[in-house]
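Below: the structure, in structure tokens.
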């Protein structure tokens, strides 16, 4: 079979179509807040939250829930709010608090999975797929797909409605506060949305690789583009294209989905880095 | 009625008090310079006026149509901004957000206001340029234009000429002076440079070891006296 017939063979399978829909939506959402995360120095919070999501997954597994998404989502959102509050009243410094919570969640998660290991003979396989993503994107239940679609729509609508505010609190929080904008509220909303993005992204790339999905497209776009709007649009396009390349490659070559997508993101980053350096020299 | 009236203000962080017994007022059209040694609490005072932190004691009253929410603010530049991908127009427009409440997008009035502010700061030709690629003086003009979108009444400037070369520094001072004289914008400026402060300001607030508040003339007489005694 040549490449085209192989692809059309896979495209006729509903589970592949589902995976593509979810993959594109996740890539789109994760890239939107990337610029804000990078510039507000929130990227480490994103990283910490992804470990929290792993711990929450473990709890859901121990409880034997079939639909773990609602529980994981709740725990991660609560932790996002806590981390943001901690960053403010610096009794424990923000980054140390993040390290504490994230490593703690990772350890407790693995511990729980071990203690309550109910006959699953392939524990390390389970853990590995939660951390690095697995073929689970190809075995999504209808519930997962709908949950992902709904959450993605919420994230995109939030982003469009609050676009100008997000710009403002990212660029200069003090000015925003001083001129009567509700910066605290926007920060809170941003943290919650980050948590939502992380939870839905986990299905695609696994909890260890989520940060890559959030940060790489933004960093790539920032090499080349110069306004907030163009950077945001470019990051979204880069992210979706990389996700599609990664998904198709992994279907055709049998590579793990998450790491293939991240590899595509890395390649694009270096391309943009070179383009940025060349155009700067010529300008 | 003064725009800002501070009575027996004491400032600081937590239990650490930096300043106490600070009383002064600012009326419409005045040009107040806040001077003092490093670490004397200039920036803390400014943050308190802006409502970014609470005073430890005393009171701040706003009048004449001014509230802590309608003060334009020119902050010192942060590291984040030096690497920020944003066009000049995006930044200037963001000054309008305070008055927009929860309306999600900019309307015609906002855009006209931003255009007008850019014209006054003489940066219209830069409006599509990237902020991080501008010179220091140009960046300050952009931030001033943004502050003008937030208010027409009163501007707080935190070391507006820090890091600028002498020629641009002079231009900046003249720009601020014309805002004060021609547009009747009240100016409160934090400055290191006491000689420049004396040249443009109508009032001086000196904080730190010695507390002084009064007009420029009073400050000069007191300084002469001080020299005479020494």
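The values are calculated or read from the model by the stated rules, or taken from the named source; none is laboratory data. Everything numeric in this text was worked out from a predicted model, so none of it was measured. Every residue, glycine as well, gets a Cβ built from its backbone with ideal geometry; the counts of neighbours run over all protein chains shown.
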Report task. State all residues of segment A:230-245 that are free of Cβ contacts under 8 Å to residues at least 60 places away in the same chain and either away from chain B (no Cβ under 14 Å) or surrounded by 18 or more Cβ atoms within 10 Å (Cβ to Cβ) (or both); if no residue qualifies, say none. Result -> A:234, A:237, A:241, A:245
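Each row is one residue, and each column tells you yes or no for (1) modelled with pLDDT under 85; (2) surrounded by fewer than 22 Cβ atoms within 10 Å (Cβ to Cβ); (3) more than 11 Å from every other protein chain (Cβ to nearest Cβ).
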| residue | (1), (2), (3) |
| --- | --- |
| B:130 | no, yes, no |
| B:144 | no, no, yes |
| B:154 | no, no, yes |
| B:157 | no, no, yes |
| B:164 | yes, yes, yes |
| B:170 | no, yes, yes |
| B:177 | no, yes, yes |
| B:180 | no, yes, yes |
Query raised in the report: Any idea which residue in segment A:173-198 is modelled with the lowest pLDDT, counting only those that are part of a loop (DSSP other than H, G, I, E, B) and over 21 Å from residue A:81 (Cα atoms)?
Result: A:180
Query raised in the report: Taking segment B:27-47, which residues are within 16 Å of residue B:213 (Cβ to Cβ) and either more than 12 Å from the chain's Cα centre (by Cα) or away from chain A (no Cβ under 14 Å) (or both)?
Result: B:27, B:30, B:31, B:32, B:33, B:34, B:35, B:36, B:40, B:41, B:42
Query raised in the report: Is it the case that residue A:184 is closer than 17 Å to residue A:37 by Cα and either surrounded by 24 or more Cβ atoms within 10 Å (Cβ to Cβ) or free of Cβ contacts under 8 Å to residues at least 40 places away in the same chain (or both)?
Result: yes
Report summary line: Of the residues in segment B:99-127, those that are more than 8 Å from chain A (Cβ to nearest Cβ) and outside any helix (DSSP H, G or I) come to B:101, B:102, B:103, B:107, B:121, B:122, B:123, B:127
Query raised in the report: Of (1) over 16 Å from residue A:19 (Cα atoms); (2) part of a helix (DSSP H, G or I); (3) more than 14 Å from every other protein chain (Cβ to nearest Cβ), residue A:208 satisfies all except one. Which?
Result: (2)
Query - Filter pass, residue A:201 being surrounded by fewer than 19 Cβ atoms within 10 Å (Cβ to Cβ), away from chain B (no Cβ under 14 Å) and at pLDDT below 85 - result: no
Query raised in the report: For segment A:148-157, does any single residue satisfy the condition of being over 17 Å from residue B:81 (Cα atoms), within 12 Å of chain B (Cβ to nearest Cβ) and at pLDDT 90 or above?
Result: yes
Report summary line: residue A:275 passes all but one of the listed conditions (1) surrounded by 24 or more Cβ atoms within 10 Å (Cβ to Cβ); (2) away from every other protein chain (no Cβ under 14 Å); (3) at negative phi; the exception is number (1)
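Considering only segment B:144-230, give the strands (runs of 3 or more DSSP E) lying wholly within it that have at least 2 residues that are touching a strand residue (DSSP E or B) at 6+ places or on another chain (Cβ under 7 Å) and more than 19 Å from residue B:75 (Cβ to Cβ).
Strands (runs of 3 or more DSSP E) meeting the threshold: B:203-207, B:212-215.
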Query raised in the report: Of all the strands (runs of 3 or more DSSP E) wholly in segment B:21-98, which have at least 1 residues that are crowded, with 22+ Cβ neighbours inside 10 Å and touching a residue at least 12 places away in the same chain (Cβ under 8 Å)?
Result: B:31-36, B:72-74
